[in-house]
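Worksheet: the structure to be examined is printed underneath.
The values are calculated or read from the model by the stated rules, or taken from the named source; none is laboratory data. Bear in mind the structure is a predicted one, so any value in this text is a computation, not a measurement. Note: ideal-geometry Cβ built from the backbone for every residue, glycine included; neighbour counts use all protein chains shown. The accessibility values were calculated without ligands, DNA or RNA, using every heavy atom of the protein model including side chains. Shrake-Rupley method; radii C 1.70, N 1.55, O 1.52, S 1.80 Å.
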Amino acid sequence: MTVTARGALPSTPYDVTVVGAGVVGCAIARELARHPRLRVALVEAQDDVGQGTSKANTAILHTGFDATPGSLEARLVREGSRRLAAFAAESGIPVEPVGALLVAWDEEQRAALPRLAEKAERNGYRAAQLLDAAQLYAREPHLGAGALGALHVPGESIICPWTTTLAYATQAVLHGVDLHLNSAVQQVNRPEGAHLLTTDRGTLRTRCLINAAGLHADTLDRDLGHHDFTVTPRRGQLLVFDKFARSLVRHILLPVPTALGKGVLVTPTVYGNVLLGPTAEDLDDKRATASTADGVALLREKGRRILPALLDEEVTAVYAGLRAATEHDDYRITAHPSQAYVTVGGIRSTGLTASLAIAAHVTELLADTGLALGPERELEPVRMPNLGEAFPRPYQLAELIDADPEYGTLVCHCERVSRGEIRDALAAVIPPNSLDGLRRRTRARSGRCQGFHCGAAVRALFEEGQR
Ligand SMILES: Cc1cc2nc3c(=O)[nH]c(=O)nc-3n(C[C@H](O)[C@H](O)[C@H](O)COP(=O)(O)OP(=O)(O)OC[C@H]3O[C@@H](n4cnc5c(N)ncnc54)[C@H](O)[C@@H]3O)c2cc1C
């Protein structure tokens, strides 16, 4: 079991190296772990898995009802949704099948709903149903005035994106994948039929290369001589409302989509909050994850129409994620057999949902590049700590607390995170290297006080765990 964050990288060559430990790269590494004869590395620039776009999205497990029929994305979202729902059930990732309502606010949008229902059918999704205004308000009594009807998509769910990425990576590492953090790949050369990756931590040699570098996939692709796409970071800002807002909304409330994306939505989260967002702003800077006054104002204006009472609730946090948009309308997943190289680019707004299907697709492409995958095995299941509000948390489990009182000692009172959960996270297969990483594993410091009360205690436990 190998997870490294410092020191020189191993000198023994790998069969396959995946660059980028976002949800997509981790899913690919996990898929490759099915093949025990392969020596696989997962190489990440930052100090944790899931630190890029994968930590900052709207956390919806899509059905793919609104994808472009016939596209690669449509197929992989549909298939990925099924695969991830099954994986989540097996590994304890919280999922709530709350369903979505695509709300029409004017006649033009109402006229578009039957077309969207037909599109859903063409995407193989047959459960969508048209609702009139009365049916809509019966389902969502706090919806703003003036909605004319909706398309109900019962299969849309909410999921924990942090646990998903971590579960993939944990299962991959437990099955022999080497995870190397703090290892930004700066350059790739290909002498004598192998790739030589120059990283922050020295060089790494690999026979096959998979580029899952998210926002930076175009840069790496160019290093290998390809000019197939350019990533334009498309920022999505979001507001997180306090748990008191949760009773205001039952479904994911979607607007009728536009060319720029799915538009501003209101959705519950599995942590018991409510999200309002995201914006869609095309930028030049791949690090521009700041929230802006204009973005917040726009979201508040849109939110007021959708769910007016939401705006009276407290905002707990704001965040922004960058979609890896390109000039193309579909994912850019391409095998380059002569280079033993696969590009996984342009995974824009559906990558969390599609991740497991992307991984299966990429593994097939890798085999097409001439790599003998060798025998395949079933992976031993992993069981992840539950961060979801709809499922029992340790502080609620009397028997667990009887057996280990640390689960009954709360450290973060807003999110009810116990000492036992923090201790477990610090001792996990992939431990956090920062307080933010600990937050994504436990929810500690992510509640309404944002760590004002528990910050010092959480930090002390984290620092103790680092020793
Ligand atoms: C606002 C927003 C809302 C979204 N909502 C949803 C949703 O509801 N449902 C859904 O399914 N999807 C959603 N998405 C999309 C989803 O989040 C992404 O498609 C997915 O996270 C992409 O994962 P990734 O692994 O490709 O990229 P990333 O998570 O960005 O991972 C790429 C990794 O590569 C690393 N890296 C880059 N360059 C190098 C290098 N040179 N060397 C080493 N490592 C490198 C980065 O550090 C990063 O960790 C949303 C996205 C946004 C921004």
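If you plug the beta carbon distance of Asp47 and Arg250 into 1/(1 + (r/R0)^6) with R0 = 45 Å, you get a FRET efficiency near 0.75. Among the cysteines of the chain, those with no neighbouring cysteine Cβ under 4.7 Å are Cys26, Cys160, Cys208, Cys414, Cys449. The phi torsions of the stretch 421-431, fed into the Karplus equation with coefficients 6.51, -1.76 and 1.60 and a -60° offset, translate into couplings of 5, 5, 4, 4, 4, 5, 9, 6, 3, 10, x Hz, rounded to whole numbers, with Gly and Pro shown as x. Between Arg122 and Ser434, residue separation times 0.36 nm minus the direct Cα-Cα distance comes to 107.8 nm.
Note on Thr68 and Ala184: the model spin-label points, each 7 Å out from Cα along the C-beta direction, lie 3.3 nm apart. Normalised by the number of residues in the chain, the average gap of Cα pairs under 8 Å and 6 or more apart makes the relative contact order 21 percent.
For the stretch 131-279, the relative contact order is 17 percent, taking Cα pairs closer than 8 Å that sit 6 or more residues apart in sequence and dividing their mean separation by the residue count.
Annotation: amide H of Ala325 within the under-5 Å range of Thr232, Arg234, sequence separation 5 or more or interchain, hydrogens built in the peptide plane. For Cys412, the amide hydrogen comes within under 5 Å of the amide hydrogens of Val417, counting only partners 5 or more places away or on other chains and with H modelled in the peptide plane.
When peptides 155-161, 82-88 are sorted by average Cβ neighbour count within 10 Å, with the highest value leading, the order is 155-161, 82-88.
Amide H to amide H distances under 5 Å link Thr17 with Ala41, Cys208, Leu209, Ile210, where only residues 5 or more positions off or on other chains count and H is placed in the peptide plane. Residues in the stretch 433-467 near a label at Ala5, defined as backbone nitrogen under 11 Å from the 7 Å Cα→Cβ point? Of the residues in the stretch 433-467, 433-438, 463, 465-467 have backbone N under 11 Å from the label point off Ala5. Evaluate E = 1/(1 + (r/R0)^6) for Ala297 and Arg377, where r is the Cβ-Cβ distance and R0 equals 56 Å; express this FRET efficiency to the nearest 0.05. The value I calculate is 0.60. Projected label points at Asp329 and Arg459, each 7 Å from Cα along the beta carbon direction, are separated by 5.1 nanometres. Backbone phi angles across the stretch 211-228, fed through the Karplus curve with coefficients 6.51, -1.76 and 1.60 (θ = phi - 60°), yield HN-Hα couplings of 9, 10, 8, x, 4, 9, 5, 5, 5, 5, 4, 5, 4, 9, x, 10, 10, 7 Hz in residue order; Gly and Pro are listed as x. For the stretch 204-264 versus the stretch 342-382, the spacing of their alpha-carbon centroids is 18 Å. Each peptide in 146-154, 439-447, 405-413, 287-295 gets a packing score, the mean of other Cβ atoms within 10 Å over its residues, and the list from highest to lowest is 439-447, 146-154, 405-413, 287-295. Placing unit charges on each Cβ (+1 for Lys and Arg, -1 for Asp and Glu) gives the chain a dipole about its Cα centre, and among Gly225, Pro255, Leu435 the Cα reaching farthest toward its positive end belongs to Leu435. The eigenvalues of the Cα gyration tensor, multiplied by 5 and square-rooted, give the stretch 124-205 an equivalent ellipsoid with semi-axes of 51, 16, 14 Å from largest to smallest. For the chain, the fraction of 1.4 Å probe accessible surface lying on carbon and sulfur atoms is 51 percent. Derived scalar couplings between HN and Hα for the stretch 97-102 equal x, 6, x, 10, 10, 8 Hz in order, rounded to whole Hz, by the Karplus curve 6.51 cos²θ - 1.76 cosθ + 1.60 (θ = phi - 60°), x for Gly and Pro. Can you pull a Stokes-Einstein diffusion coefficient for the stretch 56-137 at 10 °C (1.306 mPa s), Rh from Kirkwood over Cα pairs, as a whole number of µm²/s? For the chosen part, D equals 111 µm²/s. Of the residues Ile60, Leu38, Pro94, the one whose Cα sits farthest towards the positive end of the charge dipole of the stretch 1-119 is Leu38 (charges of +1 on Lys and Arg Cβ, -1 on Asp and Glu Cβ, taken about the Cα centre). Work out the FRET efficiency for Ala111 and Ala288 from their Cβ-Cβ distance, taking R0 = 41 Å, and round it to the nearest 0.05. Computed FRET efficiency for Ala111 and Ala288: 0.65.
Placing a label point 7 Å from the Cα of Asp404 along the Cα-to-Cβ direction, the residues of the stretch 93-114 whose backbone N falls under 18 Å from that point are 93. Relative to one another, the C-alpha centroids of the stretch 102-138 and the stretch 276-336 are positioned 24 Å apart.
Extending 7 Å from the Cα toward the beta-carbon at both Arg305 and Ala89 defines two label points whose distance is 3.9 nm.
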